[in-house]
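What follows is a short report on a single structure.
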Amino acid sequence: MPDAAGARRNRRDDGSSPEDTRLLGLTGHTLIAHPRSADRPAGTVRPTGRAARQLAPYARLFAVPGARAFTVGNLLARLPMGMFGVSAVIMIASTRDSYALAGAVSATGLAATGAVGPLTARLIDRHGQARIALPAAVIAAAGAASLAACVRFGTPDWTLFISYAATATTPNTGGMSRARWTHLFRADPAARHTANSFEQAADELCFMAGPPFAALLCTRLFPEAGMLTGAVLLLLGMLVFTGQRSTEPPVAPRDAGLAAPPLRLSALLPLLVTFLCTGVLFGALEVATIAFADERGEQGAAGVVLACQALGSAVAGLFLGTRGAPATALLRRFALCVGVMAVLALLPLTAAAAGSLPVLAVALLVAGMGTAPTMVTGMTLIQETVPAARLNEGMTCAVTALLAGVAAGSAAGGWLAEHTRHLSWPATFTVPPAAAVLAAAAASSALALSVWRARTGRGG
């Protein structure tokens with residue numbers, strides 16, 4: 001009777017490895033086996049073990065029934081958020097020959113979103129995503145269609161403001177998606193970390209794709225095409241998203257609505273200030289990059305250069321999701337991430353001082369990689385800080401703070417770009433690192449406040 005080693009040697013005489021061999025059975029003293037590769041059609045490539053391990057965290061997310069469907073709906077409904085603003089500016093400026101009017105209408109919509117967004121999110125927390133988000137999306141789509149009609153038929157200017165303000169009811173689709181992941185993986189911090197990383201990458205990808213897609217539609221088809229397409233995508237995506245009822249978080253009990261509103265949570269305020277300052281960084285960097293490209297007669301390349309920042313953040317977000325949640329305390333990790341983002345914010349200033357647009361693109365790509373860890377950790381912190389009954393409202397407050405910062409940063413960057421043209425160095429690029437330093441200070445204050453509470457035994 002042959003020994004086990006001999007049997008192993010005999011099995012490998014054909015050059016196959018143990019992993020490529022399947023045991024079929026044992027008859028007497030004869031071992032019957034054949035290579036696994038015989039079962040696979042020619043040309044089939046098996047994923048490597050390393051690739052499978054890297055993708056395993058995402059595979060876990062999308063193995064949940066309904067997760068793929070609500071993600072598709074979420075992406076469709078999220079894309080218009082990057083399309084409406086650009087579509088409104090191009091549509092109004094091209095038909096009424098006034099960038100001032102286009103900017104005023106856009107600013108009005110942003111202000112309305114800051115006021116209405118948290119209220120919409122509060123209703124979603126109280127009554128459920130399907131009952132509130134879909135009607136809210138219908139109102140927003142109607143506002144977008146109304147704006148397009150007003151522009152097409154030359155109605156008075158005041159009608160543009162009213163119509164675009166109605167788009168403020170657009171639900172925070174990213175927040176609702178994060179709320180679903182939190183509900184599905186409440187007891188699994190590693191899965192929530194991966195989900196938040198994916199959602200941040202989705203934010204960045206929609207930011208990259210939305211504006212150029214809207215600009216293409218408005219310039220190649222007709223001025224209202226971008227706005228109308230965004231309205232259709234919003235409705236279609238929201239129908240798909242809200243149709244996945246099995247993954248929808250349950251409505252909190254009525255008495256849970258008595259939980260303190262997010263803005264009254266002292267632990268949340270430093271986080272919102274951090275998001276506000278981060279928004280200033282984004283807004284100022286966008287304007288500074290456009291002005292920098294315009295001064296060199298390459299304004300058309302500004303969109304591509306700005307997309308490098310979003311690409312860097314998206315890649316970093318997806319990579320972050322393949323790594324397990326770090327063991328560092330969440331708030332300490334957040335302060336560290338914001339600090340790294342502040343250091344990387346110096347790169348665009350250095351690149352702009354060199355006077356090269358390609359160098360600036362590379363600097364934005366690297367600087368963008370510091371954004372994803374900050375946003376992922378920040379959103380995770382908000383999920384841990386805000387009561388479950390107020391989760392959508394809390395995340396919408398963070399997004400609102402971010403948008404308010406973008407508006408302030410754009411205004412500050414625009415003022416500097418207008419009044420520092422005579423300088424030989426890029427003064428506009430000083431705003432982003434300054435805002436990043438303030439964000440780091442706010443995050444550090446949140447950490448210090450937490451440490452003080454832990455030592456004194458006081459709650460938040």
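The values are calculated or read from the model by the stated rules, or taken from the named source; none is laboratory data. As the structure is a prediction and not an experimental result, all values here were calculated from the model. Using ideal geometry, Cβ is built from the backbone for each residue, glycine included, and neighbour counts are taken over all protein chains shown. Heads up: the accessible areas ignore ligands, DNA and RNA and are worked out on the full protein's heavy atoms, side chains in. Shrake-Rupley method; radii C 1.70, N 1.55, O 1.52, S 1.80 Å.
Numerical summary
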{"item": "Cβ-based net charge around Glu393, under 11 Å, with every Lys or Arg adding one and every Asp or Glu removing one", "result": "+2"}
{"item": "Equivalent ellipsoid, the range 163-240 (semi-axes from 5 times Cα gyration tensor eigenvalues, Å)", "result": "31, 15, 9"}
{"item": "Accessible surface ranking that places the most exposed of Asp203, Asp125 first, with a 1.4 angstrom probe", "result": "Asp203, Asp125"}
{"item": "Cα gyration tensor of the range 283-415 - equivalent ellipsoid semi-axes, whole Å, descending", "result": "30, 18, 12"}
{"item": "Distance between modelled label sites at Ala142 and Leu119, nm, 7 Å Cα→Cβ extension", "result": "1.6"}
{"item": "P(r) histogram, all alpha-carbon pairs of the range 98-227 included - 10 Å bins from 0, percent", "result": "12, 32, 34, 16, 5, 0"}
{"item": "Theoretical gain in end-to-end length, Ala111 to Ala69 [0.36 nm per residue, Cα-Cα removed]", "result": "11.9 nm"}
